[in-house]
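Trainee: Once you've had a glance at the structure underneath, I'll fire off some questions.
The values are calculated or read from the model by the stated rules, or taken from the named source; none is laboratory data. Fair warning: this is a prediction, and the values are worked out from it, not measured in the lab. Note that we place each Cβ from the backbone using ideal geometry, even for glycine, and neighbour counts take in every protein chain shown.
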Amino acid sequence: MDAVEDRMWWYAGLHAMVIRALARHAAPASLPLPATLPLLDVGCGTGGLLRRLDAAMQEGRVAARPLAGFDIVAEAVSRAHAKIPKARLVRASANDIPFATGSVAAAVSCDVLCHRAVDEGRALGELHRVLAPGGIVVLNMPAHAWLVSAHDRRVHTRERYSRDVLRARLAAAGFRPIEVLHWNSLLFPLMVVQRKLLTRSGKGDAAPQDRSDVAAFPPPIEAMFRAVTAVERALIGAGVRFPVGGSVLAVAVKP
C-alpha cells in the first residue's frame with residue numbers, strides 16, 4: 001500500500017471520490033462548524049488520503065481544517081506521519097476512537113469498517129459519538145456480496161455491501177444518509193473477470209488465496225484506468241447513478 005498508493009489508479013480514483021464528496025457536502029456553507037474542528041481519517045493506513053486531502057485544502061477544493069487520523073498498525077501510523085507530519089496521528093482502533101465526544105467536524109473512512117477486526121456497529125457508534133452535531137461522515141465500502149474473492153481474503157474483508165444495507169446501517173446508528181452511490185462502475189466488467197473468472201480458472205495467479213489486487217499496472221494501463229475513472233466522476237457529477245460498481249460510497253450527517 002505504501003509503495004503504490006501515490007501512483008496506482010485505484011487510490012487516485014478513491015481519493016478523488018472522497019474529495020468530491022467533501023467538496024460537495026462539507027463546504028463551509030453546508031457544514032457550519034468551527035474551522036478548528038478536525039477532519040478525521042478513520043483507518044488512515046500509510047497516509048496517502050491525508051496527503052491528498054491536505055493538497056485539496058491548499059488548492060481550495062476542500063474547506064481547510066486540521067487533519068487527524070489513526071490506524072491500528074503502528075508502522076502505518078509511522079509512515080503516514082512521514083508523509084504529513086502536521087497531521088495529528090495516533091495508533092488506535094475504529095472500535096475505540098480516541099477523540100472526545102463532539103470534537104470532529106468530518107470523518108472519512110475507506111474500506112475499514114468492513115475489516116474483520118472491526119465491530120461495525122461499535123465503530124459506527126464511535127463515529128456518531130465523536131462527530132459534532134451536523135458533522136459529516138464519508139464511507140467507502142466494497143460492493144456486492146457475490147463478488148467476494150481472493151483479494152478480500154488477503155485484505156481481511158469481513159463483508160461486501162449493497163447500497164441498501166449500508167444506508168440502513170448508517171440510519172440504525174443515528175446518521176441521516178444523504179448520498180449513497182456506486183462507483184468504479186465503468187471498469188466493473190474487468191473487475192468481475194479478474195476476480196471471479198480468471199481466479200476460478202487458475203489463470204490469474206499461481207496462489208490466488210494469497211493475492212491482493214493492490215499493485216500498480218504498467219504506466220499506459222494506469223493512465224487509461226485513471227482516464228476512465230475521471231470520465232466516470234464527471235458522469236456522477238452530472239447526476240448519473242450506476243446500478244453496479246466495485247465500491248459503494250456513502251455520505252451521511254449526524255443530525
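Trainee: Being of a type in the set (A, V, I, L, M) and not in a strand (DSSP E or B) is the filter; apply it to the range 66-78 and report the residue that is nearest to residue 214 (Cα to Cα).
Mentor: Result: 76.
Trainee: Please state which of the following conditions residue 206 fails to meet, knowing it meets all the rest: (1) assigned to a loop (DSSP other than H, G, I, E, B); (2) within 23 Å of residue 9 (Cβ to Cβ); (3) of a type outside the set (Val, Ile, Thr); (4) modelled with pLDDT under 85.
Mentor: Just one mismatch for residue 206, condition (2).
Trainee: For the range 133-151, give me the residue count where each residue is farther than 13 Å from residue 163 by Cβ, small (Gly, Ala, Ser) and out of contact with any strand residue (DSSP E or B) (no Cβ under 6 Å at 6 or more places or on another chain).
Mentor: Looking only at that region, the number is 3.
Trainee: Report, by residue number, each residue of the range 18-51 that is crowded, with 21+ Cβ neighbours inside 10 Å, touching a strand residue (DSSP E or B) at 6+ places or on another chain (Cβ under 8 Å) and in a helix (DSSP H, G or I).
Mentor: Matches in the range 18-51: 18, 21, 22, 49, 50.
Trainee: Pick from 151, 156: which is modelled with pLDDT under 95 and at positive phi?
Mentor: 156
Table: residues versus (1) surrounded by 23 or more Cβ atoms within 10 Å (Cβ to Cβ); (2) without any contact (Cβ under 8 Å) to a residue 60 or more places away in the chain; (3) of a type in the set (Lys, Arg); (4) not in a loop (DSSP other than H, G, I, E, B).
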{"residue": "80", "(1), (2), (3), (4)": "yes, yes, no, yes"}
{"residue": "85", "(1), (2), (3), (4)": "no, yes, no, no"}
{"residue": "89", "(1), (2), (3), (4)": "yes, yes, no, yes"}
{"residue": "101", "(1), (2), (3), (4)": "no, yes, no, no"}
{"residue": "106", "(1), (2), (3), (4)": "yes, no, no, yes"}
{"residue": "129", "(1), (2), (3), (4)": "no, yes, yes, yes"}
{"residue": "138", "(1), (2), (3), (4)": "yes, no, no, yes"}
{"residue": "146", "(1), (2), (3), (4)": "no, yes, no, yes"}
{"residue": "151", "(1), (2), (3), (4)": "no, no, no, yes"}
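Trainee: Mind listing whichever residues of the range 163-188 are part of a strand (DSSP E or B) and surrounded by fewer than 18 Cβ atoms within 10 Å (Cβ to Cβ)?
Mentor: Matches in the range 163-188: 176, 178, 179.
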